[in-house]
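The values are calculated or read from the model by the stated rules, or taken from the named source; none is laboratory data. Only a predicted model underlies this, so the values are computations on that prediction, with no experimental measurement involved. Positions of Cβ are backbone-derived with ideal geometry, glycine not excepted, and every protein chain shown enters the neighbour counts. We work out accessible area using only protein heavy atoms, side chains counted, and drop any ligands, DNA or RNA first. Shrake-Rupley method; radii C 1.70, N 1.55, O 1.52, S 1.80 Å.
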Amino acid sequence: QKEVEQNSGPLSVPEGAIASLNCTYSDRGSQSFFWYRQYSGKSPELIMSIYSNGDKEDGRFTAQLNKASQYVSLLIRDSQPSDSATYLCAVGDNQGGKLIFGQGTELSVKP
Amino acid sequence: KAGVTQTPRYLIKTRGQQVTLSCSPISGHRSVSWYQQTPGQGLQFLFEYFSETQRNKGNFPGRFSGRQFSNSRSEMNVSTLELGDSALYLCASSSMTVTEAFFGQGTRLTVV
């Protein structure tokens, strides 16, 4: 059973701080990794994808991947109250079109 | 470019009935996958279609089925509805396998 684990939170950070979200996965052969943001009552929105070891930056977001440790993280710099949402880590299943999701981490950014 | 469109947005059905949900992917995307989201189980994969062929199926009973048409639009059907089928059903489209997948707004199904 391939699994993706996240801390459920809630993670609370003050406005302007760095929020760090973590994810581990069980299948060492996984090749594709994604972070989604989901606001309450809405559908998941893709915010980052990463396929190679190292860091990938997009605006205030940085995704980090370490395949040897089977670990993916998302850093949100200068956190804003509008970043308050549930962040879902997803890992692509190499057998076709399937994403395996973690349970999500709830982030709360306090003004 | 239009996003993924799911219809209807909300449904209320009675136990024992069946329901059909529809998904129109982003233009040019050939892969459509379906997920069920509940507070207790999170996002769980139902099945994925690519060029009208089901390539992968999750661990759901046979009451859950789907299909994809030649224009890549997809439908999923749930027969003999149970109370536990109440959930948000999400469709996602992508251009290829295990690349970036974009979700529709979902269909909120309530079974009473």
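Taken over region B:35-47, the criterion of being under 12 Å from the mean Cα position of the chain (by Cα) and more than 10 Å from chain A (Cβ to nearest Cβ) is satisfied by B:36 alone. Taking the criterion of being within 14 Å of another protein chain (Cβ to nearest Cβ), part of a loop (DSSP other than H, G, I, E, B) and crowded, with 19+ Cβ neighbours inside 10 Å, the residues of region B:48-104 that qualify are B:72, B:97, B:98, B:101, B:104.
I'm checking my understanding of the structure. Among residues of region A:39-73 that are open to solvent by 80 Å² or more (accessible area, probe 1.4 Å), under 20 Å from residue B:94 (Cβ atoms) and part of a loop (DSSP other than H, G, I, E, B), which one is farthest from the other protein chains (Cβ to nearest Cβ)? Per the criteria, the residue is A:51. Residue selection: residue B:108 fails the criterion of being within 14 Å of another protein chain (Cβ to nearest Cβ), at pLDDT below 95 and assigned to a strand (DSSP E or B). Taken together, the residues in region A:1-36 that are of a type in the set (Val, Ile, Thr) and open to solvent by 80 Å² or more (accessible area, probe 1.4 Å) amount to 1. When you scan region A:81-102, do you find a residue that is open to solvent by 50 Å² or more (accessible area, probe 1.4 Å), under 27 Å from residue B:56 (Cα atoms), modelled with pLDDT of 95 or more and within 15 Å of the chain's Cα centre (by Cα), even just one? Checked against the condition, which is being open to solvent by 50 Å² or more (accessible area, probe 1.4 Å), under 27 Å from residue B:56 (Cα atoms), modelled with pLDDT of 95 or more and within 15 Å of the chain's Cα centre (by Cα), region A:81-102 yields no hits at all.
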